[in-house]
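K.L.:
Okay, here's the structure, questions in a sec.
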Amino acid sequence: RKIRWTDNRGNVMPTQDRDEVLLAPAWFAAWLAIPALEVTQHVDAGGQGYGTVSLQASPVPGINHIWQDFMRQVSYLALGLLAVFTIIASLVKWALAPLITLEAGAEKFGRGDYSARIPENGVPEMLSTIRAFNAMAENSAKLAASRIEREAWLRESEEKLRQVTDSLGEGVYLVDQDWNISFINPEAERLLGRSGAEALGKNAHALFHRHAETVEGMC
């Protein structure tokens, strides 16, 4: 930073370099604690003394160099950590994707949409769960379709029965295995004095028969 030559008569010839700008933060320079150095050397040649030379070195260039190297290493570390976190996030997303899809399928299934199916991908542990869900959804869809077909068939059969019995002059009502009325035609309503709304689903014996011993005769 500074060079000063002093001859034997005390004449001084100084020279000074430009001041270096400290690029590192003050806390970093204080942490390094590199002192400024100053050295003085006598100049002798052939037994003759020519004065002294003093050199003063600034720690600023060294601190700047260490700071730049430190920041370069920190940037490498940050890039490495970012790459690791990116890979971890991708793996987690890939691993959780089947779970998210399974959750969405379960919600649709809970709302009665038996067409919900989950794509079979992901880790082996998830595949077994997904296949079990798809099999359950498939069986439920078949049962739902069978129930719809059965209900449609029953409605069609009941309509045909109603068309046939409505044209009869006799009263007809049907009971299930528990003697609950499942069908009654208009003539039976008239003869028994009960409307369909009053009779359907009710126990025939309790509704119509006054004495237990007359059940077989009345039916």
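K.L.:
Straight-line reach from LYS142: which lysines have a Cα under 25 Å away, not including same-chain ones fewer than 8 places off?
P.N.:
Partners found: LYS108.
K.L.:
Still on this structure: For the chain, what's the radius of gyration and Dmax over Cα atoms, in angstrom?
P.N.:
When restricted to Cα atoms, the chain yields Rg and Dmax of 50.6, 155 Å.
K.L.:
Next question, about the same structure. Once the Cβ-Cβ distance between TRP31 and VAL53 is put in as r, and R0 is 35 Å, what FRET efficiency do you end up with, to the nearest 0.05?
P.N.:
0.60
K.L.:
Provide Rg over Rh for the range 1-125; use the alpha carbon set for both Rg and the Kirkwood Rh (inverse mean inverse pair distance).
P.N.:
My calculation of the ratio gives 1.59.
K.L.:
A follow-up question, please. How many angstrom separate the Cα center of the range 100-117 from the Cα center of the range 52-80?
P.N.:
61 Å
K.L.:
Got a number for carbon plus sulfur as a percent of the chain's accessible area, 1.4 Å probe? Could you put the intermediate results ahead of the total?
P.N.:
Working: 9540 of 15900 Å².
On the chain, the fraction of accessible area on carbon and sulfur atoms equals 60 percent.
K.L.:
Which angle between 0 and 90 degrees, to the nearest 10, do you get for helix 60-110 versus the longest principal axis of the chain when only C-alpha atoms count?
P.N.:
0 degrees
K.L.:
As I understand it, the value is the acute angle between the Cα axis of helix 124-166 and the longest principal axis of the Cα atoms of the chain; what does it come to in degrees, rounded to 10?
P.N.:
20 degrees
K.L.:
How large is the dipole of the chain about the Cα centre if only Lys and Arg carry +1 and Asp and Glu carry -1, each at its Cβ, rounded to the nearest 20 debye?
P.N.:
1060 debye
K.L.:
What residue among ALA45, ALA104, ALA132 has the largest mean-square fluctuation in a Gaussian network model of the chain, using Cα springs under 10 Å?
P.N.:
Result for the chain, Cα springs under 10 Å: ALA45 fluctuates most.
K.L.:
For the range 47-93, report the accessible area per residue in Å² (1.4 Å probe, heavy atoms, rounded to an integer).
P.N.:
Per residue, the range 47-93 has 69 Å² of solvent-accessible surface.
K.L.:
Out of ARG194, ARG150, ARG18, any idea which swings most in a Gaussian network model of the chain, alpha carbons joined below 10 Å?
P.N.:
ARG18
K.L.:
Between TYR50, MET126, THR40, whose Cα lies farthest towards the positive end of the dipole of the chain when Lys and Arg beta carbons carry +1 and Asp and Glu beta carbons carry -1, centred on the Cα centre?
P.N.:
TYR50
K.L.:
In bins 5 Å wide, starting from 0, what share of all Cα pairs of the range 2-74 does each bin hold, as a percent?
P.N.:
Calculated over all Cα pairs of the range 2-74, the distribution is 3, 14, 19, 16, 12, 11, 9, 8, 5, 3, 1 percent.
K.L.:
I would also like to ask the following. Mind checking which lysines have their Cα closer than 26 Å to the Cα of LYS160? Skip sequence neighbours fewer than 8 apart in that chain.
P.N.:
Those lysines meeting the cut-off are LYS202.
K.L.:
Positive end of the charge dipole of the range 47-167 (Lys, Arg +1 and Asp, Glu -1 on Cβ, about the Cα centre): tell me which of LEU82, LEU102, LEU154 has its Cα farthest that way.
P.N.:
Of the options given, the answer is LEU82.
K.L.:
Something else now. In nanometres, what is the gap between the two model label sites at LEU91 and ARG9, each 7 Å from Cα along Cα-to-Cβ?
P.N.:
Distance between the two pseudo-spin positions: 8.0 nm.
The values are calculated or read from the model by the stated rules, or taken from the named source; none is laboratory data. In this text, all values refer to a predicted model and were calculated from it rather than measured experimentally. Positions of Cβ are generated from backbone atoms using ideal geometry, with glycine treated the same way; all protein chains shown enter the neighbour counts. The accessibility values were calculated without ligands, DNA or RNA, using every heavy atom of the protein model including side chains. Shrake-Rupley method; radii C 1.70, N 1.55, O 1.52, S 1.80 Å.
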